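Reviewing the structure listed below.
None of the figures in this text is laboratory data; all of them are computed from the coordinates on show. Treat the numbers as computed from the prediction; the structure is a model and nothing was measured. Cβ sites come from the backbone with ideal geometry, for glycine too, and all protein chains shown count toward neighbours.
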Amino acid sequence: MNARLAAVALAAVSGIAVAEPGMTPTSSTGEPEPAQFTEDGKLAPRTGLPIGYDAPDARLRDGEGEEVQLAELIEEAEGPVVLVFYRGGWCPYCTRHLAELQDALPELEELNATLLAISPESYDKLEVSEEKAESEFTLLSDATNEAAKAYNLIFDVDSDTESRYRNYGIDLDTWNATGEWKLPVPAVFVIDADGVIQWRHVDEDYRKRLAPKKLVEAVEKVARG
């Protein structure tokens with residue numbers, strides 16, 4: 001089997017995307033989904049926080065390993081904050097999405113928006129993601145999964161998927177800061193100046209990422225109030 005076919009096989013069995021020329025992970029309509037609740041009125045796991053909720057605080061680490069507070073970053077922002085949760089630099093869909101967000105950065109900055117991207121990868125891996133996406137916005141390590149838990153996104157990778165990932169050389173033991181096989185559902189939240197979630201995109205299908213154009217439109221609405 002040649003390398004290309006092997007890569008396609010990897011994508012098929014492990015859920016890891018293979019970057020094709022012209023591949024786009026942004027097939028979502030970008031419309032904000034309603035919150036999901038269980039029958040007893042509790043938030044359904046892995047579905048994110050609803051619009052109207054206060055944005056939770058969390059301890060994160062920057063690329064130098066220094067601890068930062070998410071609440072302080074939101075408070076210090078001059079306009080809306082775009083909070084992006086991604087799985088890690090090992091995921092081509094994630095790095096492609098980060099690269100597309102980089103392309104939209106000038107428009108977001110015109111709206112005084114601050115773009116923050118959070119993943120469970122250790123702080124020393126942030127540079128890998130940054131280089132792959134050629135991103136100029138802030139990447140942060142959710143070193144204890146505190147943010148992913150607070151935003152109702154965290155899940156355990158099942159044993160079959162873990163085994164397949166290991167067979168293909170993807171080891172979250174060394175990639176994730178906690179060494180645990182836990183990941184966030186990819187998500188985007190737009191937070192206003194009062195620290196309230198005003199827009200969201202959450203989809204358990206990791207292939208469906210928010211189109212940058214839709215994000216810019218959402219941020220513009222939030223910025224206008």
- Query: Label point 7 Å out from Ala71 along Cα-to-Cβ: which residues of the stretch 111-143 have amide N under 13 Å?
  - Reply: none
- Item | Extension gain, Asp54 back to Glu220 (0.36 nm per residue minus Cα-Cα distance, nm) | 57.8 nm
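Loop-only GluC sites (Glu not before Pro) in the stretch 41-76, please: DSSP not H, G, I, E or B, and at most 13 other Cβ atoms within 10 Å.
Qualifying residues, ordered by number: Glu64, Glu66.
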- Rounded, prolate or oblate: pick one for the stretch 52-224, where a ≥ b ≥ c are the square roots of the eigenvalues of its C-alpha gyration tensor, a/c under 1.5 means rounded, and failing that, prolate if a/b is larger than b/c, else oblate. prolate
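Any chance you could run the full-extension gain for Glu64 through Thr178? It's 0.36 nm times the residue separation minus the Cα-Cα distance, nm to one decimal. Please list the in-between numbers first.
Values: separation 114, 0.36 × 114 = 41.04 nm, distance 1.69 nm.
Full extension from Glu64 to Thr178 adds 39.4 nm.
On full extension of the chain, what length is gained from Ser159 through Glu127, given 0.36 nm per residue of separation minus the C-alpha to C-alpha distance? Intermediate values should be presented prior to the final figure.
Values: separation 32, 0.36 × 32 = 11.52 nm, distance 2.84 nm.
Extra length available between Ser159 and Glu127 comes to 8.7 nm.
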